[in-house]
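Notes follow once the structure below has been shown.
The values are calculated or read from the model by the stated rules, or taken from the named source; none is laboratory data. None of these values were measured; they are calculated from a predicted model. Neighbour counts run over all protein chains shown; Cβ positions are idealised from the backbone, glycine included. Surface accessibility is based on the protein's heavy atoms, side chains included, excluding ligands, DNA and RNA. Shrake-Rupley method; radii C 1.70, N 1.55, O 1.52, S 1.80 Å.
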Amino acid sequence: MPELPEVETVIRILNKKVKGLTIENVKITYPNLVKTDISISDFENKVKGRKIDNISRIAKHIIFELQEIVLISHLRMEGKWFVYDKGDVYDPKHVEAIFELSNNKMLIYNDTRKFGTLHLQDKNDFKNQNPIAKVGPEPFDNSINGQYLMDVMSKSNKHIKTVLLDQTKISGIGNIYADEILFDSKIHPEKRASSLSLKDFENILDSSKKILKKSIDLGGSTIDSYQPEQGIDGKFQNELKVHLRKAKPCFECGKIIEKIKVNGRGTYFCSQCQNLY
Ligand SMILES: [Zn+2]
């Protein structure tokens with residue numbers, strides 16, 4: 001599942017390839033993709049003829065800025081945006097939306113798992129509407145600090161790993177980076193959020209910024225099928241310290257990395273570096 005660094009990488013590439021182009025035609029081939037309460041033909045008509053001013057991101061949501069409206073895309077498990085030249089041959093099997101663009105380009109949304117979503121909103125109001133309204137600040141937001149995390153998280157008796165994945169409290173962190181962040185801040189994933197100190201929350205925020213930034217610099221992590229561009233892998237998967245390293249020695253202390261389930265999510269940690277007590 002793409003997390004913040006992967007989505008940031010995707011929007012940087014989309015801006016290079018399609019920013020400034022005009023959407024000449026739209027075909028939604030999987031109507032369930034569109035989550036706004038509007039008919040598919042109305043959706044297509046509203047989008048057609050608009051220029052792509054910019055592509056930005058709020059946490060893991062991709063925002064296509066189309067003059068007065070925005071399209072908000074969430075990739076969920078396996079969603080991907082591909083750019084082709086018109087006339088290129090592509091596999092139509094998992095294609096859910098086709099945008100014909102000026103400059104002889106095509107922008108195609110592909111989703112093998114069909115969990116991805118697309119919302120159409122007014123540009124001047126979308127931050128107050130579903131799905132963005134509920135999204136918490138991301139680690140890079142200058143308005144938050146360790147005290148903010150303590151305020152929103154320490155009332156919870158859930159495991160800290162589970163709370164870190166709650167996108168309404170802090171956004172952009174998913175299963176891969178939650179494991180890496182907790183290892184970096186030396187906190188056991190099954191510690192109760194209510195038991196952590198202010199220093200712990202400050203460490204979590206520092207580690208979040210450090211790890212997410214490094215991953216963005218490396219084009220994200222290619223695990224499962226994420227690719228920043230067709231045929232090109234991210235490189236942060238080579239930097240992972242605990243995630244997917246079950247039974248391998250810890251880089252810090254040599255103890256064997258363990259894998260457990262936390263709230264149903266596969267979770268990797270070092271029981272020596274990340275003490276539960
Ligand atoms: Zn260790």
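Structure summary
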quantity: Per-region count, the range 229-277, residues open to solvent by 60 Å² or more (accessible area, probe 1.4 Å), near the ligand (Cβ under 8 Å from one of its atoms) and in contact with a Lys or Arg (Cβ under 9 Å, 6 or more places away or on another chain); calculated: 3
quantity: Exclusive hit being touching a helix residue (DSSP H, G or I) at 6+ places or on another chain (Cβ under 8 Å), in a loop (DSSP other than H, G, I, E, B) and surrounded by fewer than 18 Cβ atoms within 10 Å (Cβ to Cβ), set Lys134, Lys169, Lys155; calculated: Lys155
quantity: Number of the exception - Ser221 against (1) under 18 Å from Leu165 (Cβ atoms); (2) surrounded by fewer than 16 Cβ atoms within 10 Å (Cβ to Cβ); calculated: (2)
quantity: Number of the exception - Lys209 against (1) open to solvent by 60 Å² or more (accessible area, probe 1.4 Å); (2) in a loop (DSSP other than H, G, I, E, B); (3) under 29 Å from Trp81 (Cα atoms); (4) not hydroxyl-bearing (Ser, Thr, Tyr); calculated: (2)
quantity: Any hit, the range 175-192, residues being at pLDDT 95 or above, assigned to a loop (DSSP other than H, G, I, E, B), among the small types (Gly, Ala, Ser) and within 16 Å of the ligand (Cβ to nearest atom); calculated: yes
quantity: Qualifying residue in the range 13-23 (condition: small (Gly, Ala, Ser) and at pLDDT 95 or above); calculated: yes
quantity: Positions within the range 267-277 being at pLDDT 95 or above and within 11 Å of Pro189 (Cα to Cα), in sequence order; calculated: Thr267, Tyr268, Phe269, Cys270, Ser271, Gln274
quantity: Selection status of Gly254, of a type in the set (Gly, Ala, Ser) and out of contact with any Asp or Glu (no Cβ under 8 Å at 6 or more places or on another chain); calculated: yes
